[in-house]
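Peer 1: Below: one structure in structure tokens.
Coordinate-derived values only; no laboratory data. Fair warning: this is a prediction, and the values are worked out from it, not measured in the lab. Don't worry about glycine lacking a Cβ; one is built from the backbone with ideal geometry, like all the others, and counts go over all protein chains shown.
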């Protein structure tokens, strides 16, 4: 088995191993998994309001955390404005959405 150990502060923190070895370990443990189906696409900005509400955050809270006005965030949520790259990165950070920070 070819395992790479990633250390942090002198302690083993992660173990990285080939997919086949991982599958063999799962099989030995009586578990099964399917291969990943590729990258998960980021939600669209049309889902921004729903994402925010799912997290229990108000329009004002998210807007202030991102550094924009609540009115401008409302325009983005309604589709009337397209956020620039910096705002997309901030929204990704605040809402925990992978993928938006990479869009341009």
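Peer 1: How long is the gain from residue 19 to residue 72 if the chain were fully straight, where each residue apart is worth 0.36 nm and the alpha carbon distance is subtracted? Show your work: numbers first, answer last.
Peer 2: Numbers: separation 53, 0.36 × 53 = 19.08 nm, distance 4.55 nm.
That pair, residue 19 and residue 72, stretches by 14.5 nm at full extension.
Peer 1: Indicate the gyration tensor shape class of region 45-95 (rounded, prolate or oblate), computed on the Cα atoms with a ≥ b ≥ c the square roots of the eigenvalues: a/c under 1.5 is rounded; otherwise a/b larger than b/c is prolate and the rest oblate.
Peer 2: Values: a/c = 1.29, a/b = 1.14, b/c = 1.13.
The shape class here is rounded.
Peer 1: What spacing in nm lies between the two simple spin-label points modelled at residue 61 and residue 1, each 7 Å away from Cα in the Cβ direction?
Peer 2: With each label placed 7 Å out from Cα toward Cβ, I get 4.2 nm.
Peer 1: Also, quick follow-up: Could the peptides 10-16, 22-28, 86-92 be put in order, highest first, of the mean number of other beta-carbon atoms found within 10 Å of their residues?
Peer 2: Working: 10-16: 8.4, 22-28: 12.0, 86-92: 18.4.
Result, highest mean Cβ count within 10 Å first: 86-92, 22-28, 10-16.
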